[in-house]
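Following: one structure in structure tokens, then a few remarks.
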Amino acid sequence: MTSPQRRGTSPQRRILVTGGAGYIGSTTSLLLLDSGYDVVVVDNLSRGRRENVDPARLRVVDMLDTEQLACVMKEKPCDAVIHFGAYIAVGESMKIPEVYFRNNLAGSLSLLAAMLETGIRNIVFSSTAAVYGMPACVPIVETEPYAPLSVYGESKVMVEKLLDWFDQIHGMRSICLRYFNACGADPQGRTGEDHDPETHLIPLLFRAIQTGKPMTIFGDDYDTPDGTCIRDYIHVTDLAQAHIAAVESLFAGGPSRRFNVGTGQGFSVKEVLQTVEEVTGKKVPYTMGPRRDGDAPLLVADSTRLREDLGWRPEYSDLHTIVKTAWAWANR
Ligand code: UFG
């Protein structure tokens, strides 16, 4: 890793993190601070949580407010932006597309305008495996064509395309990280997953244990070994480290790139449930339900590019560690 100091000068590098009060944004902010960076968080707190951010670092600003964003960027010069601020619920995006395009697409455009105005030319963007839809080839490589099945996925594709044009025209370099299934919690217990409403598998398995109310498995008639969907689960700390590697590659003068972030190993819903039972020592009450619209049977990343080009290695993403850290967080 390169040093977080500006080369030849004394001040620390300063990173502006949008959506830094959310799950992945707050975890990444902590790791940036641990690595010696200065961090300022922009979040409108519509989904993020105030308690996830040091109050001295938080600026409550909506991303659509370009003027206010530019003011934050001028407070102290920022060297890069890591852009998490977005709505993330696939199902919700299919009910209120206007809200998703406004927040995720128009919000990003507003952010890019503020960056242009204040001279920031490095950005790491929080993208998603949802840009691929139901890919023909698994493990998925970054050259797989865009084929989003949801407004959420489409909004991320659109921002990736905006970033291509901004590089070509304005020389703004970007790294898009396409996450697979983010999960787990900070091993020191400082941050973890807590969405409202919660739609993700591992927190819902815990909730079923804690409340005794059965969770539903969405389909067991897929063409997979046990009939349930297979996903690539990536620990949030490993995901956060990928952001640090990405921002450092931009600081080192590297080009715009797109990377998958996953482990390359898939687990079925039933395998995750079984691991949750092993780690917690408790039975998970569940019922078998129909398939959920838009679920691909198998999504596993080929992350060779990220490993080879940025030297990234997952350290916490074995399923037991994921579940153990998430369970500790759920019982905090
Ligand atoms: N699942 C259930 N029951 C539940 C919730 C989930 O069986 O109550 C299953 C889903 O069908 C899926 C797996 O558990 O097979 C994982 O589901 P999640 O909702 O936790 O995650 P997704 O794979 O649907 O979504 C994740 C991210 C999205 C992103 C997508 C990209 O959360 O933001 O990966 O593929 F778009």
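The values are calculated or read from the model by the stated rules, or taken from the named source; none is laboratory data. Everything numeric here is computed off the predicted structure, so don't read it as measured data. Glycine gets a Cβ as well: all are built from the backbone with ideal geometry, and neighbour counts include every protein chain shown. Side chains included, ligands, DNA and RNA excluded: accessible areas come from the protein's heavy atoms. Shrake-Rupley method; radii C 1.70, N 1.55, O 1.52, S 1.80 Å.
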### Query
With the other protein chains left in place, how much accessible area per residue, in square angstrom, belongs to region 98-139 at a 1.4 angstrom probe?
35
## Note on the structure
Which of ALA130, ALA246, ALA296 fluctuates most in a GNM of the chain (C-alpha springs under 10 Å)? That residue is ALA296
## Note on the structure
Mean projected area (nm²) from the convex hull of Cα positions in region 140-184 is 4.2
### Packing rank of 214-227, 97-110, where each peptide gets the mean count of other beta carbons within 10 Å, highest leading
97-110, 214-227
### Task
For the chain, with a Gaussian network of springs between Cα atoms less than 10 Å apart, report the residue from GLU75, GLU51, GLU67 with the top mean-square fluctuation.
GLU75
### Message
Using only the Cα atoms of region 203-264, what are the Rg and Dmax in Å?
### Response
18.1, 53
### Cut-off under 5 Å, modelled amide H: who pairs with VAL61 long-range
ASP43, ASN44
### When region 198-332 is reduced to its Cα atoms, the Kirkwood hydrodynamic radius in Å
16.3
### Task
Specify the angular offset, from 0 to 90 degrees and rounded to the nearest 10, of the alpha carbon long axis of helix 201-211 from the longest principal axis of the alpha carbons in the chain.
60
### Query
For the pair LEU33 and TRP165, how long in nm is the line joining their label points, each one 7 Å along Cα→Cβ?
3.7
## Note on the structure
With Cα coordinates, the longest principal axis of the chain makes an angle with the long axis of helix 151-170, in degrees rounded to 10, of 20
### Message
If you wrap a convex hull around the alpha carbons of region 173-216, what volume per residue comes out, as a whole number of Å³?
### Response
125
### Query
Once amide H atoms are placed 1.01 Å from N in the peptide plane, what residues at a sequence separation of 5 or more from CYS176, or on another chain, have their amide H within under 5 Å of its amide H?
PHE125, ARG257, ARG258, PHE259
### Summary
Debye calc, one equal point scatterer per Cα of the chain, no solvent, log10 I(q)/I(0) at q = 0.07, 0.14 1/Å comes to -0.27, -1.12
### Task
Note the direction-averaged projected area, equal to a quarter of the hull surface, for the Cα convex hull of region 66-121, in nm².
3.9
### Task
Highest first, please rank the peptides 145-151, 18-24 by the mean number of other Cβ atoms sitting within 10 Å of their residues.
18-24, 145-151
### Over region 1-137: Kirkwood hydrodynamic radius from C-alpha pairwise inverse distances, Å
15.7
### Query
With each run of n ≥ 4 DSSP H residues scored as -39500 (n - 2.57), what mean residue ellipticity at 222 nm is computed for the chain after dividing by its residue count and rounding to the nearest 500 deg cm²/dmol?
-11000 deg cm²/dmol
### Task
Check the straight Cα-Cα distances from LYS74 and name the lysines below 29 Å, setting aside those fewer than 8 residues away within the same chain.
LYS156, LYS161
## Note on the structure
Length gained, ASP65-THR211, 0.36 nm per residue minus C-alpha separation, equals 48.5 nm
### Query
Relative to the longest principal axis of the chain, what angle (0 to 90°, nearest 10) does the C-alpha long axis of helix 23-34 take?
50
### Task
Would you mind telling me which residue in GLY253, GLY294, GLY264 has the biggest mean-square fluctuation in a Gaussian network model of the chain, where springs connect alpha carbons within a distance under 10 angstrom?
GLY253
### Message
Which order do the peptides 175-181, 303-309 come out in when sorted by mean C-beta neighbours inside 10 angstrom, highest first?
### Response
175-181, 303-309
